[in-house]
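Read the structure below first, then the notes.
The values are calculated or read from the model by the stated rules, or taken from the named source; none is laboratory data. Just so we're clear, the structure is a prediction, and the values are computed from it rather than from any experiment. For neighbour counting, all protein chains shown are included, and Cβ atoms are generated from backbone atoms with ideal geometry for every residue, glycine included.
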Amino acid sequence: MNLHHASLLALVAVGAFAAAGCWVEPAPRRHVSPSDTTTPANPQPTPEQPRIPIDTGRTLHAAPGEGAGLFVTYAAGGQWSLAWTCDTKLSPGSNCPFEISVGTSEGFFDLETSPSTLVEMDGAKQSFRIRSTTTTTLESATFRVDPGAPIAISMRLRGQPYPNLLFFVSNGRLTTAPTDPIELVPTEP
């Protein structure tokens, strides 16, 4: 492959990430129609859920209002971050009601969220559910669990699962969930 073709491929890849409203450091936008609300799947890890590695220390950025999605990252020491936004700038008048459920079987959660989220936490602090309606803002939550502990995560948008709108970095690549729910396992504690 010559330099011209390599540069063209790099430009196409950057354009694809820009269209999705997110990008990865270092190293699709989709409009969803309204539907009845359903409860996210059980957030506790189970043998049926796919176990997928999430790269430790990678960063995701989302352009608020320019793409619907949930963006998940993990930093060493048990620090997880969730961020979610809607595609309102591209679909004026729309909003995105998110329901996000997270659980762990190892340890308990120490959770912080944006002020506009409604959070339900179980008594043992091993699972929580976030309900939030976004438009052109970037909502977020951070939490700690035991270093290296996996989490199970489920996301509903307008009451429906959209695993292709749950983004994270796995094996150095921006990845979406193959199913809902999934279990994310950090590559390093």
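Would you pick out the residues in region 80-99 that are at pLDDT 90 or above and either touching a Pro at 6+ places or on another chain (Cβ under 7 Å) or at positive phi (or both)?
Passing the criteria: 85, 99.
Would you be able to tell me the number of residues in region 152-175 that are over 14 Å from residue 70 (Cβ atoms) and either in contact with a helix residue (DSSP H, G or I) (Cβ under 9 Å, 6 or more places away or on another chain) or not in a strand (DSSP E or B) (or both)?
Selection size over region 152-175: 3.
Write out, first by first residue and then by second, each pair whose Cβ atoms fall under 9 Å of each other, whose residues are 6+ apart or on separate chains, and whose first residue, in region 100-127, is at positive phi while the second is exposed (fewer than 13 other Cβ atoms within 10 Å of the Cβ) and not in a loop (DSSP other than H, G, I, E, B).
Final answer for the pair search is 125/110.
Of everything in region 114-141 that's more than 18 Å from residue 152 (Cα to Cα) and at pLDDT below 85, which residue is surrounded by the fewest Cβ atoms within 10 Å (Cβ to Cβ)? Please lay out each step first, then the result.
Filtering region 114-141 down to residues more than 18 Å from residue 152 (Cα to Cα) leaves 114-118, 132-139.
From the residues that got through so far, the ones that are at pLDDT below 85 too are 114-118.
Details: 114: 18, 115: 5, 116: 10, 117: 18, 118: 11.
That would be 115.
Could you run through region 125-144 and say how many residues are of a type in the set (Phe, Trp, Tyr) and over 14 Å from the mean Cα position of the chain (by Cα)?
Here is the first cut: in region 125-144, the residues of a type in the set (Phe, Trp, Tyr) are 128, 143.
Next, from what is left, pick out any that are over 14 Å from the mean Cα position of the chain (by Cα): 128.
Qualifying residue count, region 125-144: 1.
Identify all residues within region 54-93 that are closer than 21 Å to residue 115 by Cα, outside any strand (DSSP E or B) and out of contact with any Leu (no Cβ under 8 Å at 6 or more places or on another chain); write none if there are none.
63, 86, 87, 88
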